[in-house]
1. Enumerate the calculated ³J(HN,Hα) couplings along segment 161-171 in order (Karplus 6.51 cos²θ - 1.76 cosθ + 1.60, θ = phi - 60°), each rounded to whole Hz, writing x wherever the residue is Gly or Pro.
2. Consider the candidate values [x] 93, 28, 19; [y] 42, 28, 22; [z] 59, 35, 20; state which one is semi-axes √(5λ) of the Cα gyration tensor in Å computed from the structure displayed.
3. Tell me, for the chain, which Cys residues have no other cysteine's C-beta sitting closer than 4.7 Å.
4. Can you compute 3J(HN,Hα) from phi for each residue in segment 24-35, using the Karplus curve 6.51 cos²θ - 1.76 cosθ + 1.60 with θ = phi - 60°, rounded to whole Hz and x for Gly and Pro?
5. Tell me, what is the percent relative contact order of the chain, built from C-alpha pairs under 8 Å that lie six or more residues apart?
6. Please compute the net charge surrounding ALA307, taking Lys and Arg as +1 and Asp and Glu as -1 over other residues with Cβ under 10 Å from its Cβ.
7. Test of understanding: ordering ARG378, ARG408 by Cβ neighbours within 10 Å, fewest first, what list do you get?
8. Mind listing the phi-derived Karplus ³J(HN,Hα) values for segment 246-260, rounded to whole Hz, using 6.51, -1.76 and 1.60 with θ = phi - 60°, and x for any glycine or proline?
Amino acid sequence: MALPETDFASIIVPKGEEILYNNLLYVDLSNMKQAWWDTVNTTEGPRGRAAKDSGEVELPTDWIEFNQGAQTGFVCINWTGQLLIDVDEILRIYPPTTSTLPLAKTDPFGSDECYDPANVLMFSPNGGNDDRSSNGFTLTEFGGVVSGGVAGKIGSATDYNGTTQYVSTVITDKDQPLTMMAWSNSNYSTDETIISLTDGGAGTSFFETFVESNNKFATFIGSVGGASVVSNLVLTGSTWNHSVSVFVDETNIEIFSNSVGESKVTSSFEPIISNLTIGGSKYATLNFPFDGQIQQVFVFTDVKSQAWINYAYQQTNDNAGFWGEWSFGTDESEFCNRAVTRLIEQFDQKDDFKKYLCALITPFDDIKDMLNDLQFKRNLDNAEGVQLDGIGDIVGLARGGLSDDDYRVQIRIKIVINASNGETESVIAAMLIFAGGTFVDFISLFPAGFILVSDGTIPSNIIPLLEQVAQAGVRLEVYATYGEIPFAFDGDSGDPPDSSTQGFSEPNYGPDAGLGGSFVEKFS
């Protein structure tokens with residue numbers, strides 16, 4: 001069901017380097033206009049909504065954080081389907097209000113649907129014990145860690161003391177591939193682990209993202225002394241940085257530092273996973289504990305592409321710059337938003353100029369709506385009245401007092417007749433349109449003719465219609481099964497009878513037709 005046409009924030013979704021599928025969008029709600037926040041009249045974030053396609057397609061959302069008083073928040077949106085690179089896609093975010101019901105986790109547009117369980121194993125936005133995925137892991141806090149206790153790049157993060165603090169959970173063993181992604185802030189001067197997947201026991205199996213003492217991210221796989229790939233990017237201490245570790249297969253692992261990738265072919269090794277830990281490497285005891293802040297920890301069970309990783313990095317690295325300026329109001333803001341986002345920097349704070357520019361450009365929305373409406377009504381399925389008469393004129397068929405629905409059917413038949421060249425494929429296609437159904441069987445008759453068998457609804461004038469499609473002079477017979485499987489006696493040839501309008505038949509009409517099926521009706 002389409003969402004309202006007013007009172008929403010909208011913006012053109014930034015394009016990726018390639019078409020992205022079911023992509024996650026992160027929005028820092030503190031960047032919304034004051035008018036958007038003025039519309040909010042509840043403290044419950046999940047009363048908000050998100051949509052695309054002029055509000056006709058609602059999108060799954062997770063209102064991770066929402067503070068009405070402080071006018072801050074963080075929402076994750078699943079852009080279902082393709083995010084194209086050659087079309088401007090519009091995202092709408094509706095402010096939470098008491099006029100809408102809050103979305104439950106299991107709602108079709110709730111947080112469970114935001115993270116596809118087929119490829120999102122775990123997602124902790126605050127880098128602590130909060131798993132937002134539909135798997136709902138219970139991450140236990142150790143050493144007095146306070147999950148979400150500090151500010152992060154977007155929303156809250158978790159601070160680890162580098163000695164005793166971590167969060168951990170037991171998980172079932174996962175086969176390749178795997179992708180681990182996280183944001184972290186540290187001095188990056190000692191060996192420390194951000195996130196690890198291990199066997200949880202003797203330390204014989206690892207897949208983890210860690211920081212080497214030379215201020216570089218690295219990915220490790222194997223047992224103690226196993227293989228690792230180290231990023232070439234030197235990290236700046238006490239700043240937020242983005243790391244992604246990818247286990248492509250048993251011989252290939254990758255590391256991405258702030259979206260810059262490195263890869264390495266390793267000796268064959270597949271990790272055995274039974275434990276997930278954030279803030280250290282957990283096997284028997286805690287090893288290489290992390291000293292700093294962590295947030296936005298994802299574990300995916302698929303391989304993310306370079307373009308996907310770049311897109312995720314850009315969203316959090318500079319959310320305000322990534323999105324640009326949000327509009328608020330109605331769809332009239334679409335062309336206004338395009339114009340505003342293309343202004344040079346000197347106009348960033350010129351609100352009066354932006355209003356003047358939007359006043360000049362808004363009429364283009366009406367032109368766009370008119371053209372879309374025209375295109376919609378020129379389609380045979382949607383055309384009505386004089387628009388349908390116009391399509392009839394094009395194919396050479398007058399209305400003759402028919403209703404729109406009946407006239408549309410006759411136009412469709414006329415199109416088939418006009419386009420037919422008398423070949424078998426044309427006759428079968430015509431039969432599907434004339435009678436509907438799920439199958440059409442074509443059987444040649446010697447010396448010049450054919451039989452059509454259909455499970456559709458056969459119109460009484462089927463033979464005259466088909467004579468306009470088929471080649472001239474051929475013999476035509478049609479058998480209707482009315483949705484059932486045709487019938488034949490065991491050992492019968494299955495040939496359709498010539499002397500009656502009722503008979504027994506089988507789709508292959510062969511000598512081994514067998515016993516079973518239903519009566520058919522013959523048209524000739």
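1. Working through the residues one at a time gives 8, x, 10, 10, 9, 6, 10, 8, 8, 8, 10 Hz.
2. Read-out from the structure maps to [z].
3. So far as the 4.7 Å Cβ criterion goes, CYS76, CYS114 stand without a partner in the chain.
4. Result, rounded to whole Hz: 8, 10, 10, 10, 7, 5, 5, 8, 6, 5, 4, 4.
5. Once divided by the residue count of the chain, the mean separation gives 11 percent.
6. Combined, the nearby Lys, Arg, Asp and Glu give -1.
7. Ordered from fewest to most neighbouring Cβ atoms within 10 Å, ARG378, ARG408 come out as ARG378, ARG408.
8. Once θ is set to phi - 60°, the couplings for segment 246-260 become 10, 9, 6, 7, 5, 10, 8, 10, 9, 10, 10, 10, 6, 6, 8 Hz.
Quick note: the coordinates plus some simple rules give every number you see, no bench work behind them. Predicted model, so just to flag it, every value in this text is computed and none were measured. All Cβ positions, even for glycine, are placed from backbone atoms using ideal geometry, and neighbour counts span all protein chains on display.
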